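Trainee: Just dropping this structure here.
What follows is calculated from the coordinates using simple rules that are stated; it is not laboratory data. The shown structure was predicted, so the numbers you read here are calculated from the model rather than taken from an experiment. All Cβ positions, glycine included, derive from the backbone under ideal geometry; neighbour counts span all protein chains shown.
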Amino acid sequence: MSRPSWYRIWKQHCPNVVVQKPRTDLCFECQSNMTTIAKMAALLRDEKKTRVKECFDHLNRVKTERGHYHGVSILFFLRTMPVPKYECYY
């Protein structure tokens, strides 16, 4: 099946399933952290430190997960690639 055919069939049968736009595909925790950071002016200093630490801890976990996902996707790609056959000229 060609790619244009796949997209046409997808739009025809699944029009409500779309890829989110950049910066709107945040997880719930990232969204709530962004809201919290925007409202930090009213918080006490210790509360601000705690919230910022929670944000950084979450971002570090996300970074680790993305690295793992990226590694797994590369392995999958390498395993599904056809192996070229070379003729020996010796």
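Trainee: Can you give me the distance in nm between label points at Arg3 and Lys39, each placed 7 Å from the Cα along the Cα-to-Cβ direction?
Mentor: That separation, rounded to one decimal, is 4.4 nm.
Trainee: Rg/Rh for the stretch 24-80 to two decimals, with Rh computed the Kirkwood way over all alpha-carbon pairs. Walk me through the numbers before you get to the answer.
Mentor: Working: Rg = 16.0 Å, Rh = 13.3 Å.
My calculation puts Rg/Rh at 1.21.
Trainee: Per residue of the stretch 46-63, in order, report the coupling 6.51 cos²θ - 1.76 cosθ + 1.60 (Karplus, θ = phi - 60°) as ³J(HN,Hα) in whole Hz, putting x for Gly and Pro.
Mentor: Karplus values, whole Hz, x for Gly and Pro: 5, 5, 4, 4, 4, 5, 5, 4, 4, 4, 5, 4, 5, 4, 5, 4, 5, 4.
Trainee: Would you mind checking which residues have amide H under 5 Å from Leu26's amide H? H placed 1.01 Å from N; only 5 or more apart, or other chain.
Mentor: none
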